[in-house]
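The structure appears below as structure tokens.
The values are calculated or read from the model by the stated rules, or taken from the named source; none is laboratory data. This is a predicted model, so every value here is computed, not measured. All Cβ positions, glycine included, derive from the backbone under ideal geometry; neighbour counts span all protein chains shown. Protein only, heavy atoms only, side chains kept; ligands, DNA and RNA dropped before computing areas. Shrake-Rupley method; radii C 1.70, N 1.55, O 1.52, S 1.80 Å.
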Amino acid sequence: MSDVRYPFTAIVGMADLRLGLLLNAVSPAVGGVLVRGEKGTAKSTMVRALAGLLPSITAVDGCRFACDPAAPDPQCPDGAHAGAPGSARPARLVELPVGVSEDRIVGSLDLERALAEGVKAYEPGLLAQAHRGVLYIDEVNLLQDHVVDLLLDAAAMGRSYVEREGVSVRHAARFLLVGTMNPEEGELRPQLLDRFGLTVEIAATREPVERAEVVRRRLAYDADPAGFAARFAEEERALAARITAARELLAAVELTDTALRQITAVCAAFEVDGLRADIVMARTAVALAAWAGRTEVLAEDVRKAAQLALPHRRRRNPFDAPGLDEEQLDRLLEEHARQEPEPEPEPEPAPPAAEGSQDDDPDPEGGPDGGGPQDGGPDGGPDGGGGGGAPEPSGPDGPPVEAPGPEAEEDAAAPQPVPAQHPSPARESAPVAAGDPYRTRLFAVDGTGRGAQGRRSPAETDGGHTVRARRPRGRLARLHLSATLRAAAPHQVARGRSSRALVLHKDDFREQVRQGRESNLVLFVVDASGSMAARQRMTAVKGAVLSLLMDAYQRRDKIGMITFRGASAELALPPTSSVEVGAARLESLPTGGRTPLAAGLLRAHEVLRVERLRDPDRRPLLVVVTDGRATGGGRDAVAQAHRAAALLAAQGVASVVLDCESGPVRLGLARTLATRLRATAVTLDELRADGVASLVRENRPTTTASRKAA
């Protein structure tokens, strides 16, 4: 690979991403940018190209933390640097790998000096290297959450705090933070999304001419990187000079009261959480004005700042696509550009009122604001009618009908019980659409696993927090320094130690045990028989399953789906990581016929057996979606289903039964099945109200006990 970076000015299209990166280069206080887009859209290429445009920095000679000689960090571990000479060098681009560990990010004890010289010294991490440069995180959504928290905390505070292995260090860590992610591989938590200043959505152009130009330039770069870069050298120098000029102008830009009022009005109207959005928008608008060479923030700056800073903060669940209503945004900006703040009138002292006068009544007009007829008071509403502020709705023949109250609206929005319908065994109902997906709380498999890193169940993983030390099992992979030193210390005299260096034996070494979260195999067994064919009920069931599918996918789980109807069970979705296929299969799922519940459970047993051989460390979680009826397989269909459930329970499979039975009369068949499975039964109403996660956690002792009994 060539050492010559692809020129920033040679990238075709992607104007928003280009602007977002440049604004952060002008004002790092904006808070970085998160780049969301499909694979193969030059996200990484553009970020790496930006580093070549940043102005050079002057750093203290020999300082590992890139202190500025003009304003050195008084807490720098390498010294106060008062009057120390400095040298100019390019700003660094530090790339953070997906599998990075916590000690590599913040730094740790210098093992070489500690073991060879007996000296406690600090070895800087990637945050120290990135100070006054660019920290680039490719696939930020694949990092462990605690690692992302640590990075964003440092970015927000501009300082890294290290308290580990007897080392206590503080050092400056101000950098331009850029993260890229492919939304198909899972989302960041809303709390983490909010910490990125700006977000840009990108996609490859569908215009053949532009695509051809992209390919043409890339082939030219691959053939002659230096020659290709030389073609754009003048444009690169001009862009770098513009960044420097905008940085110098930044302090002179005025954020007027009108612009600030527009910013706060837009944030309030779009219902973003907290005040970080307001601050980020203000900083972005100022940077936009400086980039344009102006000293005053205009409405167009506020508008663009909103487009970059708000979309990712408006998402209420992981399935919402980031976005902004452009018409509403323009309406708000125009409305608050016209309004000028009115001076508050000085209160006039009221004359003393006679005893028993109307002034003794704090609400003479019947409302807290003294509302008269225009406020819906006793003299009537806007149409002159009595009794309320809004006109009463009319029925189909003219007479007014009673308007529904908030309780009635809530009842209408809630899922209504639907009497069970049983089409004939030969009849097949057309597929119905799934209900809107929603967020489900985390539910996990009990115990501590050793599966692949994910976001669901507790496990010993290569990442995560160090929880304890142990003797190495095989080759030493992650040294636990303090535990190793403690094991060796009592034997130093007996081993004839004569210098500051420790005398270590093989038995002294200890390795770290880290606890994080693993991914699981979530296998759905879905009843598609005639007893589930009621349209409203199947819509709710599909919506619940789709929500759980999405949740499993975003927690890095493998997912699979078995459906049963008629006379057999079908593996509709072999274990995979593709939620799109699962959603498509669920959407097109027909219903009808008998209920071969035993066949569905036996097929699940076989799928789990095969997967256990393929990946023994991946623990399964079985989700059975049924009303509990069993009508296929002869007269003893129910007994067969219970025997199949007992077989799964004997294997210690963690299970949840989603009870889909509805109607005023309920037989409790799904709960009986859950008892046989040693699982937790959850109704659709309970799933919507509290989430299956909380119910599984509340009933975890039952699950654990059942597993021990098995």
Exercise for the section: State the extension gain, in nm to one decimal, for the chain segment bounded by ARG159 and ASP224, taking 0.36 nm per residue of separation less the distance between their alpha-carbons. Expected result: 19.3 nm
Problem - LEU324/ARG666 FRET efficiency (R0 35 Å; Cβ-Cβ; nearest 0.05) - result: 0.20
Problem - Under 5 Å, built H, 5+ apart or other chain: amide partners of GLU296 - result: GLU254
Exercise for the section: For segment 129-138, just list the computed ³J(HN,Hα) in residue order, Karplus coefficients 6.51, -1.76 and 1.60, θ = phi - 60°, integers in Hz, with x standing in for Gly and Pro. Expected result: 5, 7, 4, 6, x, 10, 10, 10, 10, 7
Problem - For segment 642-651, 3J(HN,Hα) per residue [Karplus equation, 6.51 cos²θ - 1.76 cosθ + 1.60, θ = phi - 60°, Hz, x = Gly/Pro] - result: 5, 5, 5, 5, 5, 5, 5, 4, 5, 7
Handout entry: Rounded FRET efficiency, nearest 0.05, which uses the C-beta distance separating ALA251 from LYS39 and R0 of 51 Å
Key = 0.80
Handout entry: Cα Rg, Dmax (largest Cα-Cα span) when computed across segment 1-98, Å
Key = 16.4, 49
Problem - Over segment 448-536: Rg over Rh, Cα atoms, Kirkwood Rh - result: 1.41
Practice task
Would you grab the residues whose amide H sits under 5 Å from the one on LEU176? Only those 5+ places off in sequence or on another chain, please, with H modelled 1.01 Å from N.
Solution key: GLY133, VAL134, LEU135
Exercise for the section: Stick to the Cα atoms of segment 555-656, pair each with every other, and give me the Kirkwood hydrodynamic radius in Å at one decimal. Expected result: 14.3 Å
Exercise for the section: For a quick protection proxy, order the peptides 92-100, 484-492 by their average other-Cβ count within 10 Å, most packed first. Expected result: 92-100, 484-492
Completion exercise
The set of residues whose placed amide H lies less than 5 Å from the amide H of GLY454, leaving out same-chain residues fewer than 5 positions away, is ARG517, GLU518, SER519
Practice task
Mind checking which of LEU622, VAL607, LEU597 is farthest towards the positive end of segment 593-635's charge dipole, using Cβ charges of +1 (Lys, Arg) and -1 (Asp, Glu) about the Cα centre?
Solution key: LEU597
Exercise for the section: Please list the radius of gyration and Dmax for segment 123-170, considering alpha-carbon atoms only, with Å as the unit. Expected result: 11.4, 32
Completion exercise
The relative contact order of segment 453-599, taking Cα pairs under 8 Å that sit 6 or more residues apart, comes to a percentage of 27 percent
Fill in the blank from the handout: Among beta bridges assigned by DSSP with both residues in segment 1-145, the antiparallel ones amount in percent, to the nearest 5, to 60 percent
Fill in the blank from the handout: So, over other residues within a Cβ distance under 10 Å of THR626, counting Lys, Arg +1 and Asp, Glu -1, the net charge is -3
Fill in the blank from the handout: By the mean-Cβ-within-10 Å protection proxy, highest first, 593-603, 640-650 rank as 593-603, 640-650
Exercise for the section: Would you kindly find the accessible area of PHE65, with a 1.4 Å probe and non-protein molecules such as ligands, DNA and RNA excluded, rounding to the nearest 10 Å²? Expected result: 0 Å²
Practice task
Using the charge dipole of segment 447-539 (Lys, Arg: +1 at Cβ; Asp, Glu: -1 at Cβ; taken about the Cα centre), state which of THR466, LEU479, PRO490 has its Cα farthest towards the positive end.
Solution key: PRO490
Handout entry: For segment 38-53, Karplus couplings with θ = phi - 60° (6.51, -1.76, 1.60), whole Hz, Gly/Pro x
Key = 5, 5, x, 10, 6, 4, 5, 4, 5, 5, 5, 5, 5, 4, x, 8
Exercise for the section: Return the FRET efficiency for the residue pair ALA639, GLN492: r is the Cβ-Cβ distance, R0 is 60 Å, and the value is rounded to the nearest 0.05. Expected result: 0.30
